[in-house]
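Trainee: My questions will all concern the structure given below.
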Amino acid sequence: MVCPTTAKGWWRVAKGFHKKWNFPHCVGAMDGKHIKCPKHAGSLYYNYKEFHSIVIMALVDAHYKFLYVDIGASGAGSDARVFSETVLKDALENGTIGLPEPEPLPNDDRLMPYFVVGDDAFALKTWMMKPMPHRNMSL
């Protein structure tokens with residue numbers, strides 16, 4: 001598992017998302033997963049799903065290969081809280097992770113930043129995008 005630290009490394013990851021998923025400028029997909037742990041772990045590990053767990057927070061590339069993993073946060077915390085305490089979030093927030101400079105999307109002339117995609121647990125940022133929610137459009 002190697003997390004890129006340079007614009008060139010992140011550009012390669014983005015190229016994978018563009019080629020495989022037609023999703024340009026995406027440098028990773030992020031989510032948290034609750035993993036069961038012993039019941040005697042204490043209330044800090046008791047989660048909203050009503051079992052004791054630790055959280056794995058992961059960033060993967062277009063082929064589901066891990067780029068970054070944070071393991072061991074208590075299950076009582078939300079994905080947003082767990083992510084807020086990672087070195088990955090700090091590096092994205094302060095710009096030290098080495099993402100490429102914004103470039104236009106294909107067939108456009110407006111600059112677009114490179115970004116991570118995550119679900120509704122994560123706040124929108126220039127470096128964090130969320131999929132558009134699915135709505136039933138039946139008439």
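Trainee: State which entries of Lys33/Lys125; Lys8/Lys130; Lys15/Lys125; Lys39/Lys89; Lys8/Lys89 exceed 28 angstrom in Cα-Cα distance in the structure shown.
Mentor: Cα-Cα > 28 Å for Lys39/Lys89; rest within.
Trainee: Quote the charge dipole size of region 1-91 about the Cα centre in Debye, to the nearest 20; the model charges only the Cβ of Lys and Arg (+1) and of Asp and Glu (-1).
Mentor: That gives a dipole near 380 debye.
Trainee: When only alpha-carbon atoms are used, what values of Rg and Dmax, in angstrom, describe the chain?
Mentor: That works out to 16.8, 57 Å for Rg and Dmax.
Trainee: Decide, for region 60-113, between rounded, prolate and oblate: order the square roots of the alpha carbon gyration tensor eigenvalues as a ≥ b ≥ c, take rounded if a/c falls under 1.5, and otherwise choose prolate if a/b is larger than b/c, else oblate.
Mentor: prolate
Trainee: Arrange the following residues from fewest to most other Cβ atoms within 10 Å of their Cβ: Trp11, Trp21.
Mentor: Trp21, Trp11
Trainee: Let me ask you something else. Do any trypsin sites (Lys or Arg not before Pro) in region 2-74 lie in a DSSP loop with no more than 16 other beta carbon atoms within 10 Å, and if so, which?
Mentor: Lys49, Lys65
Trainee: If the reach is capped at under 16 angstrom between alpha carbons, list the lysines near Lys36, excluding any in the same chain fewer than eight residues apart.
Mentor: Lys49
Trainee: Please work out the FRET efficiency for the pair Lys49 and Glu85, using the Cβ-Cβ distance as r and a Förster radius of 25 Å; give the result to the nearest 0.05.
Mentor: 0.80
None of the figures in this text is laboratory data; all of them are computed from the coordinates on show. Predicted model, so just to flag it, every value in this text is computed and none were measured. Backbone-built Cβ (ideal geometry, glycine too); neighbour counts: all protein chains shown.
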